[in-house]
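Here is the structure we will look at, set down as structure tokens.
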Amino acid sequence: MFRLLHSNGLVNWNDRDNDQSTPLHYAFCHSNYEFSQIAIILKIDFDVRSSNGSTPYHSAAVCLSLTLYVFMCTNTEYKLTIPDAKDINGLSILQYGSHIRSIDINLLLEVALVSKHDLYHTDISGKNFLHYAAANGNFFLYLFVIQKVPQVATDLLQQKDAFGNTPVDELFACMPSQKVMKPFKLPTFGDYKQFLFSADDGKLLHLDILSPHESFIAFVLDHLITENILDHFNIKNYILLSILKTRSHPLFYLKIYAKEQYNDAIRSL
């Protein structure tokens with residue numbers, strides 16, 4: 001039907017809404033594969049831009065649609081090469097998806113890896129995709145990066161934006177405040193990992209009572225201490241932020257992982 005209407009000049013594939021988004025932006029966002037397949041057959045330009053320079057690929061990422069993954073995996077005539085597209089602010093497809101906290105984010109990371117996108121890319125503010133993941137407490141994406149490309153994760157965590165902030169800085173700065181610090185009993189036995197992580201599968205314990213940012217912090221601090229790079233970060237500032245935001249769990253993690261810096265910070269208050 002769409003092909004017939006197109007041949008009769010009755011379909012405007014470049015029709016725009018108030019944000020200058022096209023039908024393809026909506027099709028990619030809502031996983032409308034049939035519509036997108038017809039666009040491929042008709043050789044419609046997929047590099048169409050909305051008012052902020054985003055492409056249909058960006059729309060799929062921000063909607064956490066499966067469109068990109070499906071078209072990447074297909075071995076038919078509908079197979080698409082997913083470009084490493086950027087909007088007018090230099091935001092990549094992966095940076096768009098980094099805002100969304102969902103287990104399905106692993107599929108978007110897979111698209112970026114298979115399509116050989118630049119994982120070290122930064123936008124006009126100098127932020128990489130982990131800056132955005134950290135700001136939004138998207139620990140799912142971080143865990144998938146650690147599993148797939150651990151060295152990339154280590155590098156990105158140390159990468160500073162135009163304001164001198166790393167993703168770890170962003171993580172503590174964007175952690176929401178709470179009015180009352182929840183009571184939290186410190187364990188007095190064994191290795192800290194016996195309390196934080198399951199001995200069977202390495203999963204974070206107490207995930208049900210942690211906020212997304214607190215979970216992210218636990219995973220990140222464990223990685224930084226494993227890589228022996230914790231001293232590269234402003235631990236004192238993280239302690240002060242945790243106190244100001246009345247967050248007991250991050251304070252506990254910092255006391256475990258950076259006991260000396262923790263004691264120095266507490267003495268200086």
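Only one of the numbered conditions (1) under 26 Å from V145 (Cβ atoms); (2) more than 18 Å from the chain's Cα centre (by Cα); (3) assigned to a helix (DSSP H, G or I) is violated by I82, and that is (3).
Only residues in the range 128-152 that are in contact (Cβ under 8 Å) with a residue 12 or more places away in the chain count as the first member; pair them with residues that are basic (K, R), Cβ under 8 angstrom, at least 6 apart or cross-chain, and list the lot. These pairs meet every condition: N136/R101; G137/R101; N138/R101; F139/R101; F140/R101. Please indicate, with yes or no, whether at least one residue in the range 138-155 is surrounded by 19 or more Cβ atoms within 10 Å (Cβ to Cβ), assigned by TED's automatic domain parsing to the domain that holds T226 and assigned to a loop (DSSP other than H, G, I, E, B). Scanning the range 138-155, I find at least one residue that is surrounded by 19 or more Cβ atoms within 10 Å (Cβ to Cβ), assigned by TED's automatic domain parsing to the domain that holds T226 and assigned to a loop (DSSP other than H, G, I, E, B), so the answer is yes. Do the conditions hold for A265, that is, is it in a helix (DSSP H, G or I) and in contact with a strand residue (DSSP E or B) (Cβ under 6 Å, 6 or more places away or on another chain)? When the stated conditions are applied, A265 does not pass them.
Count of the range 220-248 residues, restricted to those that are in contact (Cβ under 8 Å) with a residue 24 or more places away in the chain, assigned to a helix (DSSP H, G or I) and acidic (D, E), is 1. Does the range 37-50 contain any residue that is surrounded by fewer than 23 Cβ atoms within 10 Å (Cβ to Cβ) and in contact with a strand residue (DSSP E or B) (Cβ under 9 Å, 6 or more places away or on another chain)? Within the range 37-50, none of the residues are surrounded by fewer than 23 Cβ atoms within 10 Å (Cβ to Cβ) and in contact with a strand residue (DSSP E or B) (Cβ under 9 Å, 6 or more places away or on another chain). Would a scan of the range 86-105 turn up a residue that is under 12 Å from the mean Cα position of the chain (by Cα) and among the acidic types (D, E)? Yes: one or more hits. In the range 109-137, the residue that is nearest to F216 (Cα to Cα) out of those that are β-branched (V, I, T) and not in a loop (DSSP other than H, G, I, E, B) is V111.
Scanning the range 231-269 for residues that are closer than 21 Å to T154 by Cα, loosely packed, with under 15 Cβ neighbours inside 10 Å and β-branched (V, I, T) gives no hits.
The values are calculated or read from the model by the stated rules, or taken from the named source; none is laboratory data. Because the structure is a prediction, the values reported are computed rather than measured. Note that we place each Cβ from the backbone using ideal geometry, even for glycine, and neighbour counts take in every protein chain shown.
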